[in-house]
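The values are calculated or read from the model by the stated rules, or taken from the named source; none is laboratory data. Keep in mind the model is a prediction, meaning the values are calculated, not measured. Positions of Cβ are backbone-derived with ideal geometry, glycine not excepted, and every protein chain shown enters the neighbour counts. Please note that ligands, DNA and RNA were not included when accessible areas were found on the heavy atoms of the full protein model with its side chains. Shrake-Rupley method; radii C 1.70, N 1.55, O 1.52, S 1.80 Å.
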Amino acid sequence: MTIDSHFNLAFKSLEVFDMLKHISFRDNFVFFFTALINSSICYCFFGITGAMLGVLTVLFANTAYSAKKGSNNIFYTGFLLFLIVLAGGIGFLLKLSLLFYLFLFVVSYFYYVSYDKDIVIDRITPFIVIFACMGTTLPTVTIELPLAYLTGICISLILLTLLQHKKYDVDAFKRGLFSKELYRSDKRLALRAFIYSIFLFLSLAIPDYLDLYRVYWAPLTFIVLLQPKEVGIIKITLSRFLGSVLGALFVFSLFHLRLFDTVYFDVVLIAIVTFLMPTFLKLNYVFKTFAFTVFVLLLIEEAEYWGDPTYLLPYSRVYETLIGGSVALCASFVLKQVRRLPRIA
């Protein structure tokens, strides 16, 4: 199948009416209500940055909490979510040093090897990579930042537990993070994991070498676009790439045009996107990636815009999305060829 065919399939998946079949007002209201309560509490204690982290942590907590349909262990989920802010701290301390690149390589290698063995870890590891890369860009960190994150995580998990009523998973640690199976690999998988890690490494190294503004968005794009062990990865990566570019362009347009330069418009826009987020996440790869990109960008950009008005952020998202997406497409092509090798397939 040609590249043009893959693009046609990606565009073909843009069926707006498909959304109507996946709308669950209960899920939307639970997500929105949790985000509203969480952001309000975090705003009272930590200001606008706390409010944005309050909404963002709902996405993290909901993504992990909903991983298993009928059960959950909030202590296990909470511990894994704590690793996200810990990774951010590591990124802040190491900056874009050789040690950080080694850390990034190890985490991405683990992500590929452990993928499809514990769905909660599968969903949280990309956030670990994202926060680690974001941490490298922070000039200073106050105690309020990790406290706002941890507060948001705790409130989110408590509210989701009360609202979702899932069965308590007693063996979550034993079958998950502490399972020997999680760390086992073979030579066939090790080679693909090594290739994946090299390309993730490049997705950060290229914008770093070019001295671009806030380089973390390129590896974020890469890890969202290209997930381990996928079949038909070129088609899937193209679909996610399209959704990511459309999301970046959408936010870029909002910030560039700034037709309604008021705080109220920003709050209403974030509220609408927050309410629709669970619905978008149930749709195809294009819609899902579009929604994730818009959601994260709006929160990050709004928090930074209010603190330090600048138009560099939306501009940078467009070309860093292109860099991360291009690296992901190259990686998907190489991994597909490696799968075809007699000893690897």
Tell me, please, whether a residue that is open to solvent by 70 Å² or more (accessible area, probe 1.4 Å) and either in contact (Cβ under 8 Å) with a residue 60 or more places away in the chain or not assigned by the TED database to the domain that holds ALA132 (or both) can be found in the stretch 169-177.
-> yes
Take the residues of the stretch 97-119 that are of a type in the set (A, V, I, L, M) and open to solvent by 60 Å² or more (accessible area, probe 1.4 Å): which is nearest to ASP27 (Cα to Cα)?
-> ILE119
Return a yes/no flag: does the stretch 280-296 have any residue that is modelled with pLDDT of 80 or more, under 16 Å from ALA51 (Cβ atoms) and hydrophobic (A, V, I, L, M, F, W, C).
-> yes
Test ILE37 against the stated conditions and say whether it is in a helix (DSSP H, G or I), in contact with a Leu (Cβ under 7 Å, 6 or more places away or on another chain) and open to solvent by 50 Å² or more (accessible area, probe 1.4 Å).
-> yes
Any idea which of (1) over 27 Å from LYS167 (Cβ atoms); (2) over 16 Å from the mean Cα position of the chain (by Cα) is the one THR34 doesn't satisfy?
-> (1)
If the Cβ limit is 9 Å and pairs must be 6+ apart or interchain, which residue in the stretch 113-134 that is on the phi > 0 side of the Ramachandran plot pairs with which residue that is open to solvent by 30 Å² or more (accessible area, probe 1.4 Å) and among the basic types (Lys, Arg)?
-> ASP116/LYS229
Within the set of pairs 6+ apart or on separate chains, which have a first residue in the stretch 326-342 that is in contact (Cβ under 8 Å) with a residue 12 or more places away in the chain, a second that is outside any helix (DSSP H, G or I) and open to solvent by 50 Å² or more (accessible area, probe 1.4 Å), and C-beta atoms under 6 Å apart?
-> ARG339/ALA345
Expected single match for of a type in the set (Ser, Thr, Tyr), crowded, with 20+ Cβ neighbours inside 10 Å and touching a residue at least 12 places away in the same chain (Cβ under 8 Å) among THR151, THR161 is THR151
Of the residues in the stretch 179-193, those that are open to solvent by less than 30 Å² (accessible area, probe 1.4 Å), among the small types (Gly, Ala, Ser) and either farther than 23 Å from SER332 by Cα or not in a helix (DSSP H, G or I) (or both) number 1
If you check ALA148, ALA205, ALA193, which single one turns out to be under 28 Å from PHE33 (Cβ atoms) and not hydroxyl-bearing (Ser, Thr, Tyr)?
-> ALA148
Residue in the stretch 183-203 that is polar (S, T, N, Q), outside the structural domain of ASP122 (by the TED database) and at pLDDT 90 or above present | yes
Any hit, the stretch 67-81, residues being closer than 17 Å to ILE300 by Cβ, of a type outside the set (D, E, K, R), open to solvent by less than 30 Å² (accessible area, probe 1.4 Å) and part of a helix (DSSP H, G or I) | no
Hey, can you tell me all the residues within the stretch 82-96 that are surrounded by fewer than 19 Cβ atoms within 10 Å (Cβ to Cβ) and not hydrophobic (A, V, I, L, M, F, W, C)?
-> GLY89, LYS95
